[in-house]
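Only the coordinates and a few stated rules stand behind these numbers; no lab work does. Everything quoted here is computed from the prediction, not taken from an experiment. Backbone-built Cβ (ideal geometry, glycine too); neighbour counts: all protein chains shown.
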Amino acid sequence: MNDAIVLDGLFKGYGAVPAVRGLSLSVPAGTICGLIGPDGAGKTTAMRVLCGLLRADRGAARVLGHDCATAALEVKRHLGYMPQRFSLYPDLTVGENLRFFADLFDVPAAERKRRDAELMAFSRLEPFRGRRAGQLSGGMKQKLALSCTLIHTPAVLILDEPTTGVDPVSRREFWRILRELAGNGLALLVSTPYMDEAALCDDIVLMHAGRALAQGTPAAVAASFPRRLLEVTGADLIEAGRRLREASIVGLDVQRYGDCLHLVHDDQAQADAAARALAGTGAVLAPLAAGIEDVFVEMMSRADAEVAM
Amino acid sequence: MKRVRALAAKELLHILRDRRSLAVAVLMPVVMVALYGAVIDMEMHDLPVAVLDQDHSDNSRELVRSLGAGGFIVETARLEQAAQVEPGFRRGAFMAALVIPRGYSRSVADGEPATVQVLVDGSDAATAAMAANYLQAVVQREARRIAAGSGGGAPAFTVRPRVWFNPELRSAHFVVPGLVALVLMMICAILTSIAIAREKETGTLEQILTTPIRPAEVIAGKVLPYVGLGALDAALILAIGRFAFHVPMNGSWFALAAYCLLFIVIALGAGLLISAKSPSLRVAMMAAVTVTMLPTMILSGFMFPVSSMPAPLQVLCRLLPATHFLVVLRGVMLRGVNWFPHETAILAVQAVVLLVLAIRSFRLRLE
């Protein structure tokens with residue numbers, strides 16, 4: 001248990017409402033762990049416990065071996081946290097925001113200069129040093145927020161949905177920066193609602209209703225898909241969906257994915273039945289390797305079914 | 001300490017960058033003193049009064065004549081019977097009526113106590129109070145004149161005056177100390193509660209709390225700039241009061257400053273408590289205005305004397321820090337008294353209780 005970030009059987013609720021129900025994970029130094037799940041899955045709560053903003057009901061949270069509840073001050077010294085909303089001061093300039101957090105973290109004057117230059121270089125915010133934070137673009141705001149959380153050279157970085165609401169180009173650049181930070185030996189815990197960002201993590205935890213549905217490397221999680229998958233393309237998807245519903249094939253789940261349908265099934269008989277139902281629509285059926293999202297949807301419906309029973 | 005300074009410096013930048021709020025914070029006290037000073041200081045002229053003389057004697061006519069002497073009162077109607085009073089009030093023909101009953105002259109001549117009735121239209125309370133006051137003054141003067149004329153020492157009749165405010169006391173002198181209390185409440189309680197609630201709402205507080213800062217440091221850093229702003233506003237009001245309205249300063253400046261500081265602590269405690277208890281910026285603003293500003297304006301004796309309020313309300317008044325602060329301020333400035341053991345004790349207890357509650361509830365919010 002020498003990992004930089006450790007959650008061990010964490011339980012945390014708000015009053016009678018449970019938010020996190022038995023979450024365990026660990027993030028070694030130099031890696032990125034992705035917390036993936038929809039709003040309300042408990043991602044933010046778990047992160048706040050790690051930052052010492054909330055106290056766990058049960059279970060342990062440790063950062064660099066320090067308990068997040070009892071050694072909060074020690075944890076805070078080595079931890080950078082970026083809340084979900086843009087949490088800097090829009091009426092202060094880029095430079096003023098950075099200096100404010102350098103002051104709060106007690107960064108020594110000598111180190112401050114070096115650190116400031118480093119951060120400005122990697123975030124490419126130098127030309128905007130005198131600009132008010134409120135007038136930055138979404139991507140630049142996120143980079144400034146990240147810079148502020150890095151000003152004290154933390155060993156652990158916790159980012160709550162840093163790319164939500166950021167344009168695709170800035171998102172890619174942001175992830176490039178995160179990878180660079182991991183390369184420098186930081187441990188990163190990043191939450192995201194975007195399944196496509198899962199592939200950019202070293203490890204992922206699929207979260208739903210306060211629990212982990214699956215965890216491991218993205219490849220391992222994808223490979224853990226317990227059923228078979230067919231992809232339907234080349235037809236009117238609404239018409240195809242209607243036909244499949246009418247055929248009411250037992251054990252076949254149909255999911256719409258943008259420009260294709262995913263048919264989740266268990267045996268060849270179901271696949272054949274689906275092919276018959278779609279005959280004449282021009283639909284092309286092809287076997288498909290499951291992605292993270294397929295795993296998530298499957299696990300989530302199983303978890304919900306369990307709750308319902 | 002370094003963190004407190006960083007936070008205070010940042011807060012100061014917020015204040016200075018927000019030009020509109022800054023303008024409000026600085027101009028508001030100036031405008032308030034100017035308005036209150038000028039409006040409340042206005043004297044009454046040409047108050048329309050009706051006269052119902054049922055006595056028809058030299059004495060009664062003399063009393064009626066003396067009404068117009070000061071220029072404050074204009075006799076607009078001469079009534080014949082008591083039934084005409086009410087319709088007159090309803091029409092707005094006059095604001096007050098003086099009724100001299102039959103037998104007035106005989107009573108005066110016999111040296112017996114005579115009764116004179118003063119009726120006032122109470123729909124405009126402020127004017128009514130002044131009207132009653134002026135009429136009583138006139139009647140009393142007449143009573144003294146008759147007494148002097150008959151050689152007797154005692155006045156021929158007495159009016160039991162209902163003292164609404166002392167006409168000798170210039171109202172600006174009364175209002176300026178009240179404005180100090182009001183503005184300190186507004187700046188210190190309302191602005192601090194807004195400042196903290198805003199950080200809570202935008203999520204910046206969350207980020208600040210993940211730094212190795214202590215709750216007490218957060219509070220101190222957030223609050224200090226507003227202490228300065230409050231003190232600046234108080235000084236501004238006192239300066240305008242002194243130079244524009246010649247409000248006297250009979251006590252010591254040191255005592256005044258010390259009591260102001262004590263009151264600032266109370267206001268800050270209230271502001272912190274409100275922001276800690278409020279779920280959002282909007283709620284914090286509403287709560288701050290309702291809980292601090294309105295009672296300070298209405299219940300503290302700033303405009304309406306506490307002693308004239310119904311008993312249950314008086315209890316509420318005495319719970320209000322501003323009530324005691326006003327007693328102290330007026331005492332220091334007008335009466336030249338520098339030490340108020342009773343008020344000091346109450347204010348000190350209130351300051352400690354509010355501050356402890358505020359820091360406590362602030363702590364709880366972090367966890």
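Here are some notes:
- Sorting the segments A:38-45, A:270-277, A:127-134, A:61-68 by their mean number of nearby beta carbons within 10 angstrom, highest to lowest, gives A:61-68, A:38-45, A:270-277, A:127-134.
- Protection-proxy order for peptides B:258-269, A:208-219, each taking the mean of Cβ atoms within 10 Å per residue, highest first: B:258-269, A:208-219
- Over 24 Å (Cα to Cα) - which of A:K43/A:K113; A:K143/B:K2; A:K141/B:K200 fall in this group: A:K43/A:K113; A:K143/B:K2
- Three semi-axes describe the equivalent ellipsoid of region B:47-149; taken as square roots of 5 times the Cα gyration tensor eigenvalues and ordered largest first, they are 23, 15, 11 Å.
- Pairwise Cα separations in region A:5-218 fall into 10 Å bins from 0 onward with the following percentages, short to long: 9, 35, 36, 17, 2.
- Compactness index (Cα Rg / 2.2 N^0.38 Å), region A:190-276: 1.29
- Restricting the calculation to alpha carbons of region A:1-91 gives Rg and Dmax of 13.2, 43 angstrom.
- Remark: mean inter-chain Cβ contacts per residue of A:50-59 equal 2, using a 10 Å Cβ-Cβ cutoff to other protein chain atoms.
- Evaluated with a Cβ-only charge set (Lys, Arg +1; Asp, Glu -1), chain B carries a dipole of roughly 1560 debye about its Cα centre, given to the nearest 20.
- Relative to the 2.2 N^0.38 Å rule of thumb, the protein assembly as shown has a C-alpha radius of gyration ratio of 1.46.
- Quarter of the Cα convex hull surface for chain B, i.e. its orientation-mean projected area (nm²): 22.6 nm²
- Across the alpha-carbon atoms of region A:117-202, the computed radius of gyration and Dmax are 12.6, 36 angstrom.
- Estimated Rh, region B:268-361: Kirkwood, alpha-carbon pairs, angstrom: 14.4 Å
- Considering only beta bridges that DSSP places wholly inside region A:5-218, some 55 percent are antiparallel.
- Inter-centroid distance (Cα atoms) of region B:55-120 relative to region B:252-275, Å: 51 Å
- Proximal aspartates and glutamates to B:K222, defined as alpha-carbon separation beneath 12 angstrom and excluding residues fewer than eight positions away on the same chain: B:E11, B:E199
- Take each residue of peptide B:2-10, count the partner chain Cβ atoms within 10 Å of its Cβ, and average: the result is 4.
- With eigenvalues of the C-alpha gyration tensor scaled by 5 and rooted, region B:296-341, Å: 20, 10, 9
- Estimated dipole of region B:47-149 in Debye, rounded to 20 [Cβ of Lys and Arg +1, of Asp and Glu -1, Cα centre]: 140 debye
- Cα-centred dipole magnitude for the protein assembly as shown, charges only on beta-carbon of K, R (+1) and D, E (-1), debye, nearest 20: 1600 debye
- Signed unit charges on C-beta, dipole axis of region B:159-302, positive-most listed residue B:A195, B:P295, B:A216: B:P295
- Computed over chain B with a Gaussian network model linking Cα atoms closer than 10 Å, the most mobile of B:L209, B:L294, B:L12 is B:L209.
- Between the residues B:L205, B:S275, B:P248, the greatest Cα displacement towards the positive end of the dipole of chain B, with unit charges on the Cβ of Lys, Arg, Asp and Glu, is found for B:L205.
- Placed amide H near A:L213: partners under 5 Å, 5+ positions off or other chain: A:L206, A:M207, A:H208
- Beta bridge orientation in the protein assembly as shown: antiparallel %, DSSP, nearest 5: 55 percent
- Directionally averaged projected area (region A:245-303, Cα convex hull): 4.5 nm².
- Taken as Cα centroids, region A:8-65 and region A:86-165 sit 25 Å apart, rounded to the nearest whole angstrom.
- Shielding value for B:349-356 is 0, the average number of Cβ atoms from other chains within 10 Å of each residue's Cβ.
- Leading residue at positive end of dipole, the protein assembly as shown (Cβ point charges), from B:V120, A:A274, B:P305: B:P305
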